[in-house]
Each structure stands twice: as C-alpha cells, then as structure tokens.
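The values are calculated or read from the model by the stated rules, or taken from the named source; none is laboratory data. Everything numeric here is computed off the predicted structure, so don't read it as measured data. Every residue, glycine among them, receives a Cβ derived from its backbone with ideal geometry; neighbour counts consider all protein chains shown. Surface areas here come from the heavy atoms of the whole protein model, side chains and all, with no ligands, DNA or RNA. Shrake-Rupley method; radii C 1.70, N 1.55, O 1.52, S 1.80 Å.
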Amino acid sequence: MTTPTPPGPMVKAEQVHKWFGRFEVLKGINLEVAPREVMCIVGPSGSGKSTFLRCINHLERIHSGRLSVDGELVGYRERGDKLYEMRDSEVARQRLDIGMVFQRFNLFPHMTAMQNIVEAPLRAKGESKDVVRERAQKLLERVGLGDRGDSYPSQLSGGQQQRVAIARALCMEPKLMLFDEPTSALDPELVGEVLDVMRQLAEVGMTMIVVTHEMGFAREVGDSLVFMDDGVVVEEGSPRDVLSNPQHNRTKAFLSKVL
Amino acid sequence: MSTSAPTTTKRSEPPEPIKAIPVRHPGRWVAMVAIAVLAAMFVNSVVSNPNWQWGFQLDNAFTPPVLKGVVTTLWLTAASMLIGVALGVALAIMRLSPNPVLSGAAWFYVWVFRGTPVLVQLVIWGNLNSLYRQVSLGVPFGPEWFVFETRDLIPPIAAALLGLGLNEAAYMSEIIRAGILSVDEGQSEASSALGMSRMQTLRRIVLPQAMRVVVPPTGNETISMLKTTSLVAYVPYVELFFQTSAIGSRTFQPFPMLVTASMWYLAMTSVLMVGQYYIERYYARGSVRNLPPTPIQKLRRRFGRGET
C-alpha cells in the first residue's frame, strides 16, 4: 500500500439495512470512520453492533443501503447505475485489507501459533516464506509472545490466544482492523494484556472499529464512541462527551447499568 | 484433652494418608471363575477334537495360492478404500455445496449405492455385459466413434474394484460430511476473514480438523472392507476366500480351511488396528495438550527406564 492516506473516509455506511428473515437487525446505519480513527461501538446485546461489524468485511450481506471501505463498495461492483454481485474470489481479495479479531479467537487448533499467523499471507497473498516468517516473528514479539511460536492454541491461555489472533490479522498488513468483542470471552485478569496490545496498535495509527463493553478502553483510546440500540445509531460523539454527558434516555439507561 | 499438634503443620512432615479397607468386589471373582472355566472348555475342545485339523491347516495356510490370495485381498482393500475416500470427499463437498444440482446429484448417488446390497452391486458389475454388450464413445444420440466390448472394458478385476469402491464412496461421503459439519463455523469464518478462498479454507482449515472425527469410522470401514473383499469371489475374482474355499472343496475338508481363512483375516485386521491407532494419534495433535504415549513408549517406560 504505497498510496497516500486517502482524503475520504476509511469506512462509510449510508442507510445500511439488514434483515435476518423477517427480523430487521440494522435499521438504517449511517457512519463514517476516518483513516487512523479508533471507533468504539457499544450497546446492549442484540443491538446489531456485531452484525454491523461483520457486514464491513462481508461476512454478512447487507440488504439495502451502501457500505464502502476505502472508497470501494463491499461485496458489490458498481458499473454505470447497476450493482453487480462480486464473485467469492473478489470478496476474498477485498478481505485481504481488512483484519478481524473474534470474540472466541477462532485460532486454527491444528496449527501452532506461528503456522496460524503465516497461513493466510502464504496462501492467500502468495508471499514468500522467509519474508512472512520474519514478519510473523516480529509480530509475535510485539504482542509479547516471541517465544511461543511453536505452541498450539490449546497450550496458550485465552489472553495469549487472542494476542496471537491479533498478530495473525496484522500479518496481512491490513488498512483496517475490526474487533468483535475481543475481551468478552476472557477471564478478568487477562483482559488487560489484550487491551494493551490494542492500545499500542491505536498509537501507531491503525484504523480500528472496536465493538466492546470496555468503557475504560473506549474513553482512553477511542477517538469516537457510537451507542447502538435496536438496530440504529442512537448517539455518536467523542467518548468523553457520550460517557459523561449522554443526550438520549436510552444511552443514559444503558450507561447507568454498565458504568 | 491430649496435647494437640500445632495448627500450622511443618512442611517437612507429609500429612498422614487415610487407612481404609477397600471395597470388596466378589462379583469380579465369580465372573473370573466362570470365564476361566468356559475358556478352558473351549481350549480343550480345540486341542482334543481332531476335526479342527490343525496339521492340515498349517500345511495349507502358507501355500502359494493362499499367500497370493492374501496379497490380492490386501491390495483390493487398499485400492477400494482409496477409490471410496477420494470419491467420498468429492461427494461430501458436492452434498454441502450451495449448488442444488451438485448437492442433489450427491444425494442421489448415496441413495442408490447405499441402498442396495454390495453383493448385488458386485454381481451386476461382473455381469454388465449381459445388459450392455457394447459401450461406445461419440456424440450422444449421434454417430459413434469408438466401440468397446463391455467384457473387455470391465474385466473381473475392474468389476471388483468398481463394485467395492463405488459402494464404499457412498458410506465415506456420509462420514466425511459428518466430519466437515463437526468443525466449528468460526473456523471457516476466521479463514475467509483472512482472505482465504473457499477451496483453501476447506483444504487447509476444515478438512484437517474434520479428520479427527473422520479417522475412527474410516478405520472401521477399512476393516469392514477387508472382510467385504471376500464377496468378490462372486464376480468372480480370485482372492483369499476364493483360494481357501477352493482348497477346501478340492480336499473335501471345507471346515478347516474356513478356520484358516478366518485366522488370516483376523491377523490382517489386527495390523490395521495398530495403524489406525497411530493415525488417530497424529490427527489429535493440537486438540490435546499432551499426546498419549504409544504402546511402545508405555512398555519402555515400564521396563527399560535406563534406555530413555
């Protein structure tokens, strides 16, 4: 990626709707994420925040509206005034630039930490083995696991597994990172080590969208905070403003429960 | 009150172990005696009844035709399983495909080949020439370019392989499908989120994890296949059971040769079971923290401590 930081937003959602059967999960989401911005999305479970995150890399398909990453529509190609569905291979190519970290880590259990990290750069990007292994080792060191490359996921703690998962996503050198409740499956004393890695990542200017329940992290690290409820964005603003001076009753009710 | 020990016990003295009388198991002793008596009766009959014809069996068990039959049985098992697994993987992937034509075709295949007896299928393959005398290559419903005699195209060996392999594929496809479905959806999600294609995801992420579930029933199928090969005697094709039966009828001693055949099958399945153990152990890596020791490692640990 030698292109200079584009002037447009990294992620732009316009009137995004999605249904699961007859249930409308997303009811017209409008959001913009600037390059290098860290956006935290909070809200009660079932509010559609994870679904929205999964739409950004087309793990879920949107049914109405427009959703683009770095100026490129996700999952569709626009020619003239017509939309064409992308082939699987084209969707896969779009995903190369978008890293994702899951609530339940989803490391590949039959591979060591190192193999987990190098798999996609080798297979999906076709990079050379030496280059990838060196980068993977540096990333392992960066997340504090330089000596655990040969461990299988089952031999690592939850916090260590999630840090490997972050390294795995970073090894693709993405321009956008999506975090889907990255600390929700962790024991309380392991949450900090994962948040530290994410904080470092924010400091070096990675564009991040973080669905989380960690209000402290959102306040300290986030550039913007979005409160979602019932498939809509209820409130959006700087974390400090939203957390200390919420405008809507629904936001107030939610924050009074979690803070 | 006697002088009680201080509540903070010294580290150097281990706490006194519980001394209790263990539970008695009289049932075990009764069962042991009963089984020992039955076993003794069986061994006595095997040794004393001359109809077992052990000498005759030993003379014939290692004759060239029988050994040739053993070799045929082994490679027939291997080749049929190879066809079954390869075709089974393809069918399982087709069955799980979003394309309704592919998934319907796979369903139909399994329906037909699993729903008819393998013996009937073998006989049909062996006698296909009475249904189609000739097979031709050319434009459908149009001119024919090459014409083959079915008898030449499907010799008994091909009939045996087709009958066993195609039948096995139906079973294997269901085993592999179950294996694929057993892998957590988060795995393929993580893989596609990394930009891996559907085929890469299947080959590198899903199938290796499915193997843990697939290997035990596949071992079962292989052992079952080893014995099912005895049915190709009806194609007819010459393998172990065909040879031992032939010796049995030629010498008017059919029963001892049945025992000989059983011994050979038992020996071969025993070897397969050992192989299965090691394959299962290989695919367990990553899913258990420490692999269980192999029997050889266990033996070493028990007897030859100095060696390690």
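Structure data summary
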{"quantity": "FRET efficiency for B:Ile157 and B:Leu137, using Cβ-Cβ distance with R0 set to 35 Å, rounded to 0.05", "calculated": "0.95"}
{"quantity": "Sequence of B:Tyr234, B:Tyr283, B:Tyr265, B:Tyr278 from largest to smallest accessible area, 1.4 Å probe", "calculated": "B:Tyr234, B:Tyr278, B:Tyr283, B:Tyr265"}
{"quantity": "R0 of 35 Å, Cβ-Cβ distance B:Thr150-B:Phe108: FRET efficiency to nearest 0.05", "calculated": "0.90"}
{"quantity": "Nearest-0.05 FRET efficiency for B:Lys227 and B:Asp59, computed from C-beta distance (R0 30 Å)", "calculated": "0.75"}
{"quantity": "Surface share of carbon and sulfur [accessible, 1.4 angstrom probe, percent] for the stretch B:1-120", "calculated": "72 percent"}
{"quantity": "Longest to shortest principal axis, alpha-carbon extents of the stretch A:98-150, angstrom", "calculated": "30, 24, 23"}
{"quantity": "Length added when fully stretched, B:Met41-B:Glu189, from 0.36 nm per residue minus Cα-Cα", "calculated": "47.1 nm"}
{"quantity": "Nitroxide proxy distance, nm - points 7 Å out along Cα→Cβ at B:Phe303 and B:Ser97", "calculated": "5.4 nm"}
{"quantity": "Apportionment of accessible area to carbon and sulfur, the stretch B:128-172, percent (1.4 Å)", "calculated": "64 percent"}
{"quantity": "Bridge type composition, the protein assembly as shown - antiparallel percent by DSSP, nearest 5", "calculated": "65 percent"}
{"quantity": "Percent carbon-and-sulfur accessible area, the stretch A:40-143, ignoring ligands, DNA and RNA, probe 1.4 Å", "calculated": "44 percent"}
{"quantity": "Bins of 5 Å from zero: percent of alpha-carbon pairs in the stretch A:18-153", "calculated": "2, 8, 14, 17, 17, 16, 13, 9, 4, 1, 0"}
{"quantity": "Protein accessible surface hidden between A and B, which excludes ligands and nucleic acids, total in Å², probe 1.4 Å", "calculated": "2200 Å²"}
{"quantity": "Accessible area expressed per residue, the protein assembly as shown, with surrounding protein chains retained (probe 1.4 Å, Å²)", "calculated": "56 Å²"}
{"quantity": "Under 5 Å, built H, 5+ apart or other chain: amide partners of A:Asp229", "calculated": "A:Val234"}
{"quantity": "B:His25-A:Ser244 pseudo-label distance in nm [points 7 Å out on the Cα-to-Cβ vector]", "calculated": "7.0 nm"}
{"quantity": "Overall dimensions of the protein assembly as shown by Cα: Rg and Dmax, Å", "calculated": "33.1, 112"}
{"quantity": "Projected area averaged over orientations for chain B, convex hull of C-alpha atoms, nm²", "calculated": "32.3 nm²"}
